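The values are calculated or read from the model by the stated rules, or taken from the named source; none is laboratory data. Predicted model only: the values in this text are computed from it and were never measured. Please note: Cβ atoms are built from the backbone with ideal geometry, for glycine as well, and neighbour counts cover all protein chains shown.
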Amino acid sequence: MLKKAGEDITICVIEYDLRKGLPDKEETELLFDLFNSRLLDILVCPIVPKLSYKEYVKFLDEFIEVYRSTSFNAVLVPAIIPYSRIDLAKLFEYYAKKDEVSKNFICVDFNGGNPISQYTFVSDIIRNTQKFEQEFGEPCVRYAINLKYGKATKKEQIVPAKDLVIFSMGFNLFGSNHRQVVLEDVGGYELRTKILNRADYGYYSLEVAENAIKESGNFKVKLSDLKADPQLAKLFNAERQGLEAIEISTMINEDRLYSYLQSKPRIVENKMIFKRISKANKDLSQQTLSNSY
């Protein structure tokens, strides 16, 4: 599916904030009017926070019915929301029965969490997508959104890149995080974007990044650019996260993933990270792991 989209792939992710019950058919049709563009390659089923599984399926029934009856250019793909293990399995079973929904690409909402703290969720995603691969006979791309490295206090100028290890746990891609982490005492936490250092897998506060991060290469967004415009931090990180995804894929194909991760001090010093990466890889079949990259 990705090959058919060409070099540039445009993915539309909708988060629908329901303030007064489930939308009616006219409201659902309006969503398609808003996003029916020839420039769009992939449309993710809308993410609706705070809906129970049963209510969400009712919404999806209406949404998919409108999609089926509409001349729509983009491919429709599943949105996976962090429900309980039982409801999560039911959600996959629901999508499996819908011919209108693609089975070779899923979008997973981590809701501002990271793959280490949500290890069980990651494990369930891997197991259910492997069922997709076995049943439908093709690889399933796993795309994460609203992923974060974790909560960082203002005293912590460096935190481990927990979001980045998603690539070594069976996921292929991740997009921007649009979730603000809800904290009881916001004053004690660092909410500004930190800067990724690929050398040690740490995210650094801007105040210490200049002296601590040494880079060589032709980057579109350089560390020096952030002095003039700190808002470029997300683009800075996205460029390096993409490069790291390529590097990890090489390590996996060469069977050197663990030795590579052991060269990253911020990951090595946290034994729980390594333990959960190892468990996630045990859940992956060799065919699934090979097809991921």
Practice item. Report yes if some residue within segment 131-152 is in contact with an Asp or Glu (Cβ under 7 Å, 6 or more places away or on another chain), among the aromatic types (Phe, Trp, Tyr) and under 20 Å from PHE171 (Cα atoms); otherwise report no. Key: yes
Point to revise | Members of segment 103-140 found to be out of contact with any helix residue (DSSP H, G or I) (no Cβ under 9 Å at 6 or more places or on another chain) and either of a type in the set (Val, Ile, Thr) or part of a loop (DSSP other than H, G, I, E, B) (or both), listed by number | key: ASN111, GLY112, SER117, GLN118, GLY137
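In the list LEU76, LEU88, LEU30, which residue meets the criterion of being in a helix (DSSP H, G or I) and closer than 21 Å to ASN146 by Cβ?
LEU88
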Practice item. Would you mind stating whether TYR94 is modelled with pLDDT of 95 or more, within 23 Å of GLU29 (Cα to Cα) and among the hydroxyl-bearing types (Ser, Thr, Tyr)? Key: yes
Exercise for review: Could you grab me the full set of residues in segment 157-171 that are over 20 Å from ILE213 (Cα atoms) and assigned to a loop (DSSP other than H, G, I, E, B)?
Suggested key: GLY170, PHE171
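Among residues belonging to segment 100-122 that are under 15 Å from GLU133 (Cα atoms) and either under 18 Å from the mean Cα position of the chain (by Cα) or free of Cβ contacts under 8 Å to residues at least 12 places away in the same chain (or both), point out the one that is surrounded by the fewest Cβ atoms within 10 Å (Cβ to Cβ).
Narrowing segment 100-122 to residues under 15 Å from GLU133 (Cα atoms): 101-106.
Those still in the list that are either under 18 Å from the mean Cα position of the chain (by Cα) or free of Cβ contacts under 8 Å to residues at least 12 places away in the same chain (or both) too: 102-106.
Working: SER102: 21, LYS103: 22, ASN104: 17, PHE105: 25, ILE106: 25.
Applying the filter and picking the extreme gives ASN104.
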Revision key, fill the gap. Filter segment 191-213 for residues that are charged (D, E, K, R) and out of contact with any Leu (no Cβ under 9 Å at 6 or more places or on another chain); the one that is nearest to ALA152 (Cα to Cα) is GLU207
Review point. What are the pairs, 6+ residues apart or on separate chains, where a residue within segment 40-64 that is touching a residue at least 12 places away in the same chain (Cβ under 8 Å) and under 18 Å from ASN146 (Cα atoms) has its Cβ under 7 Å from a residue that is surrounded by 16 or more Cβ atoms within 10 Å (Cβ to Cβ) and among the acidic types (Asp, Glu)?
Key: ILE47/ASP109
Study note, to complete from the structure: Here the residues within segment 216-253 that are within 16 Å of SER205 (Cα to Cα), among the aliphatic types (A, V, I, L, M) and part of a loop (DSSP other than H, G, I, E, B) are LEU223
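So that you can scan it fast, the table gives a plain yes or no per residue for (1) within 16 Å of LYS194 (Cα to Cα); (2) hydroxyl-bearing (Ser, Thr, Tyr):
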{"position": "VAL141", "(1), (2)": "no, no"}
{"position": "LYS151", "(1), (2)": "yes, no"}
{"position": "GLN157", "(1), (2)": "yes, no"}
{"position": "PRO160", "(1), (2)": "yes, no"}
{"position": "SER168", "(1), (2)": "no, yes"}
{"position": "PHE174", "(1), (2)": "no, no"}
